[in-house]
Amino acid sequence: MIEVTCTAPINIAVIKYWGKRDEKLILPINESTSATLDQSQLCAKTTVAASPDFTSDQMWLNGQEQSMDSARLQNVLKEIRRRARKRKSDGSGEDRVNWHVHICSENNFPTAAGLASSAAGLACLVFSLSKLFEVEGDISDVARQGSGSACRSIYGGFVEWTMGTEVDGSDSRALQIASETHWPQMRVLILVVSAKKKHVGSTTGMQTSVKTSQLLAHRAEKIVPERMVEMRRAIKDKDFQTFAEITMKDSNQLHACCLDTYPPVTYMTDTSRDIVRLVHAVNNHYGENKVAYTFDAGPNACLYLMEDMVPTMLGLVQNFFPPEQDHGEAFLTGLPSKVSTP
Ligand code: PMV
């Protein structure tokens, strides 16, 4: 038996991916940008093993056996094995490509609560399988087929997911635009508003949005392309003012698109909106952007800020949302994460 264990961090988008133009290949309707966080707080850990004695592929997530019927899981396994076979036919590799695999994965944070658990989990799975089967080269397009945003967790630092133009999706990949050492003062605070599983998964939410939201179509065609260019420049120049403004506007637009979806999809709660108000109050107080919020498909907030603002923000969060008070939902504050490498 051969066995490989890997960990992969979450990534938090500052320009959001929302909507697919190809459901099977997971090709997005717009490009997106994210930062990959360090692994001290939130990460997925996966062990994959292959053996000639295993009689079927099997998977466990957080200790519970999962069905292997998922089309995405099957696509990922098929693609990694295809690449491994190609290598084997080149004269390298071994018989292991024909062995069944056992996959054991766990997240050290709530799964499916809008905290990019699928991004970390699928990136980790694809990375571990590529090591197990000795697949080389870029594997972000394989991770993409597991869960769109997972392709961005394959690289550290600041990462873009390009839309691509090929019908087979071969050029819809992740690309690092700045390394994890580029902006060392950058920190991310994760505020867990609710650890409950979200009521509408991102796949269903996106499908309904693509079908019904005119705002989403406008966003994908007219707004995101310009934002991508501005965001790339802001990251390269370490221009936090622009970085923060685009991040907040883009999160607001994602949730506006969700509200424009019919029937509407709501991920943010009153507590999420209180966090938005707090961040704007802080920025108004300083007369410049010191903190930026962003929300994925869930109520939990991710705050981007510089290292020197972390004590102030943690103090404010603890003051306004003390953990012992009932906010209707659990409220915890995470320790600051750095932008890092997988
Ligand atoms: O990759 P998915 O299907 O979990 O979609 C993630 C979508 C958002 O997290 C809301 C945005 C993003 O770009 O990560």
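Listed by Cβ neighbour count within 10 Å, with the fewest neighbours leading, Val48, Val142, Val210 appear as Val210, Val48, Val142.
Remark: Tyr17, Tyr304 ranked as Tyr304, Tyr17, counting other beta-carbon atoms within 10 Å and listing the fewest first. For His100, nonlocal amide neighbours, meaning residues 5 or more places apart or on other chains whose placed amide H falls under 5 Å from its own, are Ser51, Phe54. Arranged from fewest to most other beta-carbon atoms within 10 Å of their beta carbon, Ile154, Ile26 become Ile26, Ile154.
Given the pairs Lys222/Lys290; Lys78/Lys196; Lys249/Lys290; Lys16/Lys86; Lys45/Lys78, which are separated by over 23 angstrom at their Cα positions? Long pairs (Cα-Cα over 23 Å): Lys222/Lys290; Lys78/Lys196; Lys16/Lys86. Taking amide H positions as modeled 1.01 Å from N, with prolines and chain starts lacking one, no residue 5 or more places away or on another chain lies under 5 Å from Lys196.
Among 163-170, 280-287, 118-125, 200-207, sorting by the average number of other beta carbon atoms lying within 10 angstrom of each residue, highest first, gives 118-125, 200-207, 163-170, 280-287.
The mean sequence separation of alpha-carbon pairs under 8 Å and at least six residues apart, normalised by the residue count of the chain, gives a relative contact order of 23 percent.
Using a ≥ b ≥ c from the Cα gyration tensor of the stretch 186-338 (square roots of the eigenvalues), is it rounded, prolate or oblate, where a/c under 1.5 gives rounded and otherwise the larger of a/b and b/c decides, a/b for prolate?
It is oblate, given that a/c is not under 1.5 and a/b is not larger than b/c.
Could you point to the residue in Ile15, Ser70, His218 farthest towards the positive end of the chain's charge dipole, with +1 and -1 charges on the Cβ of Lys/Arg and Asp/Glu respectively? Going by the Cα projections, it comes out as His218.
How big is the dipole moment of the chain about its Cα centre under a simple scheme where the beta carbon of each Lys and Arg is +1, that of each Asp and Glu is -1, and everything else is neutral? Debye, nearest 20, please.
Approximately 460 debye in magnitude.
Say the dipole of the stretch 2-178 comes from +1 at the beta carbon of Lys and Arg and -1 at that of Asp and Glu; which of Thr55, Gly137, Cys43 then lies farthest toward its positive end? Selected residue: Gly137.
Any read-out appearing in this document is the output of simple, stated calculations on the displayed coordinates, not a laboratory observation. These numbers were taken from a predicted model, which means no experiment stands behind them. In this analysis, Cβ positions are derived from the backbone assuming ideal geometry, glycine residues included, and neighbour counts consider all displayed protein chains.
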